[in-house]
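The values are calculated or read from the model by the stated rules, or taken from the named source; none is laboratory data. Since the model is a prediction, treat every value here as computed from it, not as a measurement. Cβ: placed from backbone, ideal geometry, glycine included. Neighbour counts: every protein chain shown. We work out accessible area using only protein heavy atoms, side chains counted, and drop any ligands, DNA or RNA first. Shrake-Rupley method; radii C 1.70, N 1.55, O 1.52, S 1.80 Å.
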Amino acid sequence: SLNTERYPQDSGPGCRGLPHEVYSQEEENVSEEDEHTILPEAEEEEAFSPGPGNIVGCRISHGWKEGDEPLTQWKAIVLDQPPTNPSLYLVKYDGIACVYRLELHSDERILKLNVLTHKVVFPQVKDAHLVSAMVGRAVEHKFEGKHGCKDNWRGVVLVEVPIMKDRFYITYEKDPVLYIYQLLDDYTEGNLRIIPETPPAEVKSDVDSDILSGQCVQFTRSDGSKQIGKVIYQVPAKPSVYFNKFDGDVHIYIYNLVEKIR
């Protein structure tokens with residue numbers, strides 16, 4: 001389900017959403033009180049109807065109804081559409097830093113999907129050198145918990161978000177799912193540190209050709225149970241690292257498949 005209470009830690013990526021920002025002049029700010037709550041059904045943003053394959057970069061809203069759970073309302077922006085699975089979309093919901101993967105046009109749990117605005121224009125990155133120095137690197141990301149304590153989470157900066165060049169996909173050792181953050185701001189504010197002993201982004205060669213994207217793979221859990229997943233994207237800066245999805249799970253998992261295959 002679209003459960004925003006997935007992370008029980010007092011601090012960490014699951015406890016801090018994106019900064020309260022405006023994607024466009026038409027979008028309402030998300031206040032602290034509105035984060036992780038049911039949104040009102042009435043929408044103030046104008047809806048339009050593009051083709052099914054033309055919603056990347058657009059703002060959307062929809063209802064979510066799963067089983068006997070109450071109907072909830074959500075707003076989001078569509079981040080990407082993996083070429084290996086065109087029916088799948090990567091979605092970031094307001095006030096939530098975790099990226100979800102959903103088949104927006106066919107998932108029966110999604111009700112009354114509306115596209116609220118035309119494609120949103122995002123600011124360009126001003127410090128390209130810092131971006132290149134950051135992508136593919138291991139980092140320590142500082143989070144502030146509910147009681148004011150700060151905790152460093154070690155992770156890897158994966159790639160710039162294609163439609164949002166001032167934001168990055170990142171994952172963490174303690175929670176290997178996909179997140180999105182404004183890491184340049186965090187770096188400037190001293191909340192992100194590039195670990196100096198880690199190498200920069202890998203240079204992709206013919207040996208690193210993408211032969212796994214679109215393939216079904218079997219993962220063995222620590223308890224010995226097995227789970228079938230599908231590889232949906234290869235990380236350019238880390239050719240051995242892939243985005244993966246599992247049936248019945250709306251999150252995206254980040255694994256080094258070369259290490260796992262070995």
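Keeping every protein chain in place, order TRP74, TRP153 by accessible area at 1.4 Å, biggest value first, i.e. largest first.
Numbers: TRP74 30, TRP153 5 Å².
Descending order: TRP74, TRP153.
Quick check: net charge around ILE163, other residues with Cβ under 11 Å of its Cβ, Lys/Arg +1 and Asp/Glu -1? Walk me through the intermediate numbers first.
Working: positive: LYS92, LYS119, LYS165, ARG167; negative: ASP80, GLU160, ASP166.
Net of charged neighbours comes to +1.
Can you pick out the pairs among LYS174/LYS230; LYS112/LYS226; LYS92/LYS142 whose Cα atoms lie more than 28 Å from each other?
Numbers: LYS174/LYS230 22 Å; LYS112/LYS226 35 Å; LYS92/LYS142 21 Å.
With Cα atoms farther than 28 Å apart: LYS112/LYS226.
On a 1.4 Å probe surface of the protein chains, which of THR84, THR188, THR171 comes out largest in accessible area, and what is the full order? Let's see the in-between values first.
On the way: THR84 50, THR188 115, THR171 15 Å².
Descending order: THR188, THR84, THR171.
What is the mean projected area of the alpha carbon convex hull for the stretch 136-175, to one decimal in square nanometres?
Details: hull surface 13.7 nm².
Result: 3.4 nm².
Please work out how much accessible surface LEU212 shows to a 1.4 Å probe, ignoring ligands, DNA and RNA, in Å² rounded to 10.
It works out to around 30 Å².
Sort all Cα-Cα distances of the stretch 88-242 into consecutive 5 angstrom bins from zero, then give the percent of pairs in each bin up to the one containing the longest distance.
Final binned percentages: 2, 7, 13, 18, 19, 16, 13, 8, 3, 0.
For GLN227 and GLU108, what does the FRET efficiency come to when R0 = 25 Å and r is the distance between their Cβ atoms, rounded to the nearest 0.05? Let's see the in-between values first.
Numbers: r = 23 Å, r/R0 = 0.90.
With a Förster radius of 25 Å, E is 0.65.
Can you tell me the Rg and the Dmax, both Å, for the Cα atoms in the stretch 112-161?
Calculated on Cα positions, Rg and Dmax stand at 16.6, 43 Å.
Which Rg and Dmax, in Å, describe the Cα atoms of the stretch 57-99?
Both quantities, over Cα of the stretch 57-99: 11.9, 34 Å.
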